């Protein structure tokens, strides 16, 4: 299994912190955020990575190189147009269409055991995708996930207005996909926000009868989206996490 990491964004909410480096390279406990993610994936025996770079791409590419010094294989694809998470996987289709893959946003930190659980869930369940979920976040700031009593996803709503969605389940930004995903990302249209949304492809998977499982993450989950969350990550992660 391979992994795709979306690391092309500018990270504007980080303000001056991202003047010298892209957000995925901001240090947490002395290591780049992206390194924490790749090490977690490697702990699940995933060592073939495709990283979508964009803003200050050379900082990421020069630090990780081809991955050989870590015992990994890394390919890069540059996203020159920042038009949403839905079209980013399309850029890596040639490298990922031969089998299932994990997809992670480049600013999501989770307890490492979750990567193994995600892979195991995908491999043991007959499904087109696995979506990680978290409880306790404001779903109006991300995606609200509706699930049935078996843990299958029924629907997902991106940034619903506060008070309009009753689901407590927050889209945690870590997935496993069958390559059938590319049939759906190819047909995406721009959302009202003017972007191609990965969540629209997930919604379409459900609407066409594809099974999408959910995985409730354990331990910690941090969206390193702003200086406050970056500071929280410094205190929450164990020194060797």
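Examine region 58-74 for a residue that is buried (at least 20 other Cβ atoms within 10 Å of the Cβ), part of a helix (DSSP H, G or I) and in contact with a strand residue (DSSP E or B) (Cβ under 6 Å, 6 or more places away or on another chain), and state whether such a residue exists. Yes: one or more hits. If you check 121, 164 for being closer than 24 Å to residue 34 by Cβ, surrounded by fewer than 23 Cβ atoms within 10 Å (Cβ to Cβ) and in contact with a strand residue (DSSP E or B) (Cβ under 9 Å, 6 or more places away or on another chain), only one passes: 121. The residues on offer are 21, 14, and the sole one that is buried (at least 17 other Cβ atoms within 10 Å of the Cβ), in a loop (DSSP other than H, G, I, E, B) and more than 14 Å from the chain's Cα centre (by Cα) is 21. The residue list 37, 46, 52 contains one member that is touching a strand residue (DSSP E or B) at 6+ places or on another chain (Cβ under 7 Å), crowded, with 18+ Cβ neighbours inside 10 Å, touching a residue at least 40 places away in the same chain (Cβ under 8 Å) and under 20 Å from residue 82 (Cα atoms), which is 52.
Tell me, please, whether a residue that is at pLDDT 95 or above, farther than 13 Å from residue 153 by Cα, assigned to a loop (DSSP other than H, G, I, E, B) and under 17 Å from the mean Cα position of the chain (by Cα) can be found in region 226-235.
No, region 226-235 has no match at all.
Within region 188-206, does at least one residue satisfy the condition of being more than 18 Å from residue 135 (Cα to Cα) and in a strand (DSSP E or B)? No, region 188-206 contains no residue that is more than 18 Å from residue 135 (Cα to Cα) and in a strand (DSSP E or B). Here residue 90 qualifies as surrounded by 14 or more Cβ atoms within 10 Å (Cβ to Cβ) and touching a helix residue (DSSP H, G or I) at 6+ places or on another chain (Cβ under 6 Å). One residue stands out among those in region 84-93 that are assigned to a loop (DSSP other than H, G, I, E, B) and touching a strand residue (DSSP E or B) at 6+ places or on another chain (Cβ under 8 Å): the one that is modelled with the highest pLDDT, which is 92.
Candidates in region 93-118 are the residues that are touching a helix residue (DSSP H, G or I) at 6+ places or on another chain (Cβ under 7 Å) and over 17 Å from residue 34 (Cα atoms); of these, the one that is surrounded by the most Cβ atoms within 10 Å (Cβ to Cβ) is 100.
Filtering region 130-152 to residues that are out of contact with any helix residue (DSSP H, G or I) (no Cβ under 6 Å at 6 or more places or on another chain), farther than 24 Å from residue 226 by Cβ and either buried (at least 22 other Cβ atoms within 10 Å of the Cβ) or touching a residue at least 40 places away in the same chain (Cβ under 8 Å) (or both) leaves 147, 151, 152. Residues in region 209-225 that are touching a residue at least 12 places away in the same chain (Cβ under 8 Å) and part of a loop (DSSP other than H, G, I, E, B) were compared, and the one that is surrounded by the most Cβ atoms within 10 Å (Cβ to Cβ) is 224. Taking strands (runs of 3 or more DSSP E) as the structural unit, those lying wholly within region 94-145 and holding at least 3 residues that are within 13 Å of the chain's Cα centre (by Cα) and over 13 Å from residue 222 (Cβ atoms) correspond to 101-105, 129-135.
The values are calculated or read from the model by the stated rules, or taken from the named source; none is laboratory data. These numbers were taken from a predicted model, which means no experiment stands behind them. As a convention, Cβ positions derive from the backbone with ideal geometry for all residues, glycine included, and neighbour counts pool all protein chains shown.
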